[in-house]
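**Q** Take this structure, written in structure tokens, and hold onto it; I'll ask about it next.
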Amino acid sequence: MNKKRWFALGIAAVLFAVSIGFQFMSSLFATDVEALFEMPQQQQYQQEVIEEGTGNTIAVVELDGVIQDINTSSLLNTGGYNHDRFLKKLENVAEDHTVNGIILRVNTPGGGVVESDEIHDKIVEIKEEYNKPVYISMGNTAASGGYYISAPADKIVAHPATLTGSIGVIMQSYNVAELADNLGIDMNTIKSGEFKDIMSSTREMTDEERDILQSMIDDMYDDFVQVIVDGREMSESKVRELGDGRVYTGSQAAENGLVDALGSLEDTAAMMREDFEWPNAQLVEYKTGLDWNSLFGGAVKSMVGGEEANVMAIQELLEQSDGPRAMYLYSK
């Protein structure tokens, strides 16, 4: 075989390899990455020792990022909080017979109403059905939905500089009617009922529409208030007085009764050891096993940066549907 023929075969082989590579990458981007790299249940979670000990075990579970239930299976969207994965982790740590107590490390500005409620209910279930104490250790931010999920815990501990509170519900949309008019853009809407396009961004909201939406927000706010009344054993009038939407520092929250104590994660663990007479309890972090999605998501988050990642997550949360949604969310 002469050189020209060998050269042609070499080019063909390279083109074939490139074609296979493109097909693989195309399939990967369209694939549910979590399903592709899914591990057996027993390998999905692992305990990383923070403080050695004997006898009892206290597990730390981190909730970091905006609480949102969005499509996180795409390779282009693997960073940040994953709602389904977090709920499964809570379920797993509840069922783990080696774990005696749980510290939920909360660092979130809140998020979706439904998602926050699902976490709240899971914490109540862990306490009642598994008889395991749940303490909250607040990080930089544990506001709105972050406080909603903290309310049923046995004890809430915040750093003096933690931003918490922001008790309330928010729903927002843009109104670009004037801009569209200036640009000569007309919006044609065919609807089956008077309120089908409620909160449309291309026209002014009517008083009746505003009343409808306000009644929805009021109902959700009532639920938020009741969660705190039940979880903190605080009077409804006191909760409504504190729950005007403002944020509090950890120190202010300790003064007004929204948190029980001030301290770090280590302080929270020490409190649980003392409260339950587990002086030598081991402290572990309950982590999701090493998987492709976590690795890629962590790399994205480290490149973008924590605060920027939260901003991106909030923007993504707001853009998840064509219409606005109610949220337990604190955003600056």
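Residue-by-condition table, conditions (1) over 30 Å from Asp211 (Cβ atoms); (2) within 21 Å of the chain's Cα centre (by Cα); (3) at pLDDT 95 or above; (4) not β-branched (Val, Ile, Thr):
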residue: Ile136; (1), (2), (3), (4): yes, yes, yes, no
residue: Asn140; (1), (2), (3), (4): yes, yes, yes, yes
residue: Gly145; (1), (2), (3), (4): no, yes, yes, yes
residue: Ala153; (1), (2), (3), (4): yes, yes, yes, yes
residue: Pro160; (1), (2), (3), (4): yes, no, yes, yes
residue: Gly165; (1), (2), (3), (4): no, yes, yes, yes
residue: Val169; (1), (2), (3), (4): no, yes, yes, no
residue: Tyr174; (1), (2), (3), (4): no, no, no, yes
residue: Glu178; (1), (2), (3), (4): no, no, no, yes
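**Q** Still on this structure, I have one more. I need the full set of residues from segment 143-155 which are in a strand (DSSP E or B) and either touching a helix residue (DSSP H, G or I) at 6+ places or on another chain (Cβ under 7 Å) or of a type outside the set (A, V, I, L, M) (or both), in order please.
**A** Just the residues of segment 143-155 that are in a strand (DSSP E or B), to begin with: 143, 155.
Of everything in segment 143-155, just one residue is in a strand (DSSP E or B) and either touching a helix residue (DSSP H, G or I) at 6+ places or on another chain (Cβ under 7 Å) or of a type outside the set (A, V, I, L, M) (or both), namely Lys155.
Quick grid of which residues meet (1) crowded, with 19+ Cβ neighbours inside 10 Å; (2) at pLDDT below 95; (3) under 20 Å from Ala161 (Cβ atoms):
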| position | (1), (2), (3) |
| --- | --- |
| Asp230 | no, no, no |
| Met234 | no, no, no |
| Lys238 | no, no, no |
| Glu241 | no, no, no |
| Ser251 | no, no, yes |
| Val259 | yes, no, yes |
| Met272 | yes, no, no |
| Leu283 | yes, no, no |
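**Q** Here's a check for you: in segment 46-70, which residue that is charged (D, E, K, R) and in a strand (DSSP E or B) is surrounded by the most Cβ atoms within 10 Å (Cβ to Cβ)? Full working, then the answer.
**A** Residues of segment 46-70 charged (D, E, K, R): 48, 51-52, 62, 64, 69.
Right, trim to in a strand (DSSP E or B) and you get 48, 51, 62, 64.
Details: Glu48: 9, Glu51: 14, Glu62: 20, Asp64: 17.
The extreme case among them is Glu62.
**Q** Only one of Gly184, Gly245 is of a type in the set (Gly, Ala, Ser) and over 30 Å from Ile156 (Cβ atoms). Can you tell me which? Don't jump to the end; show me each part of the working.
**A** Values: Gly245 fails: over 30 Å from Ile156 (Cβ atoms).
Of the residues listed, the single one that is of a type in the set (Gly, Ala, Ser) and over 30 Å from Ile156 (Cβ atoms) is Gly184.
**Q** Please list, ordered by first then second residue, the pairs with beta carbon atoms under 7 Å, 6 or more apart or interchain, first in segment 175-191 and within 12 Å of Arg203 (Cα to Cα), second hydroxyl-bearing (Ser, Thr, Tyr).
**A** Asn175/Ser201; Val176/Ser201; Val176/Thr202; Ala177/Thr202; Ala180/Thr202; Met187/Thr202
**Q** Could you grab me the full set of residues in segment 206-229 that are touching a helix residue (DSSP H, G or I) at 6+ places or on another chain (Cβ under 6 Å) and either free of Cβ contacts under 8 Å to residues at least 12 places away in the same chain or of a type in the set (Gly, Ala, Ser) (or both)?
**A** Within segment 206-229, just Val229 meets the criteria.
**Q** A further question follows. How many residues, within segment 230-287, are basic (Lys, Arg) and free of Cβ contacts under 8 Å to residues at least 60 places away in the same chain? Can you show your working first?
**A** Pass one, segment 230-287, residues basic (Lys, Arg): 232, 238, 240, 246, 273, 287.
Now drop any that are not free of Cβ contacts under 8 Å to residues at least 60 places away in the same chain, which leaves 238, 240.
Qualifying residue count for the region: 2.
**Q** If a residue must be among the β-branched types (Val, Ile, Thr) and either touching a Pro at 6+ places or on another chain (Cβ under 6 Å) or under 12 Å from Ser331 (Cα atoms) (or both), how many such residues does segment 135-163 contain?
**A** First pass over segment 135-163, keeping only residues among the β-branched types (Val, Ile, Thr): 136, 141, 149, 156-157, 162.
Filter once more, so that each one left must be either touching a Pro at 6+ places or on another chain (Cβ under 6 Å) or under 12 Å from Ser331 (Cα atoms) (or both): 141.
Here the count works out to 1.
**Q** Another question, if that's okay. Quick one: count up the residues across segment 164-198 that are aliphatic (A, V, I, L, M) and touching a Pro at 6+ places or on another chain (Cβ under 8 Å). Write out each step before concluding.
**A** The initial filter retains those residues of segment 164-198 that are aliphatic (A, V, I, L, M), namely 167, 169-171, 176-177, 179-180, 183, 185, 187, 190, 198.
Restricting the remaining residues to those that are touching a Pro at 6+ places or on another chain (Cβ under 8 Å) gives 171.
Number satisfying all stated conditions: 1.
**Q** Still on this structure: Can you pull out the residues in segment 156-190 that are touching an Asp or Glu at 6+ places or on another chain (Cβ under 9 Å), in a loop (DSSP other than H, G, I, E, B) and under 21 Å from Glu241 (Cα atoms)?
**A** Correct list: Ile167, Gly168, Val169.
**Q** Within segment 255-278, identify whether any single residue is within 19 Å of Val225 (Cα to Cα) and hydrophobic (A, V, I, L, M, F, W, C), and answer yes or no.
**A** yes
**Q** Select from segment 124-142 the residues that are among the β-branched types (Val, Ile, Thr) and either on the phi > 0 side of the Ramachandran plot or not in a helix (DSSP H, G or I) (or both) and list them in ascending order. Steps first, please.
**A** From segment 124-142, those among the β-branched types (Val, Ile, Thr) are 124, 126, 134, 136, 141; that's our starting set.
Within segment 124-142, Val134, Ile136, Thr141 meet the criteria.
**Q** Looking at (1) under 16 Å from Ala326 (Cα atoms); (2) without any contact (Cβ under 8 Å) to a residue 40 or more places away in the chain; (3) in a loop (DSSP other than H, G, I, E, B); (4) aliphatic (A, V, I, L, M), which one does Met199 not meet, given that it meets all the others?
**A** Met199 satisfies all of (1) under 16 Å from Ala326 (Cα atoms); (2) without any contact (Cβ under 8 Å) to a residue 40 or more places away in the chain; (3) in a loop (DSSP other than H, G, I, E, B); (4) aliphatic (A, V, I, L, M) except (2).
**Q** Which one is surrounded by the most Cβ atoms within 10 Å (Cβ to Cβ), of the residues in segment 85-123 that are among the acidic types (Asp, Glu) and part of a helix (DSSP H, G or I)?
**A** Looking only at segment 85-123, we keep the residues that are among the acidic types (Asp, Glu), and these are 91, 95-96, 115, 117-118, 121.
Now drop any that are not part of a helix (DSSP H, G or I), which leaves 91, 95, 115, 117-118, 121.
On the way: Glu91: 14, Glu95: 10, Glu115: 24, Asp117: 18, Glu118: 18, Asp121: 13.
Result: Glu115.
The values are calculated or read from the model by the stated rules, or taken from the named source; none is laboratory data. These numbers come from a predicted model, not from an experiment. Reconstructed Cβ throughout: ideal geometry from the backbone, glycine too, with neighbour counts over all protein chains shown.
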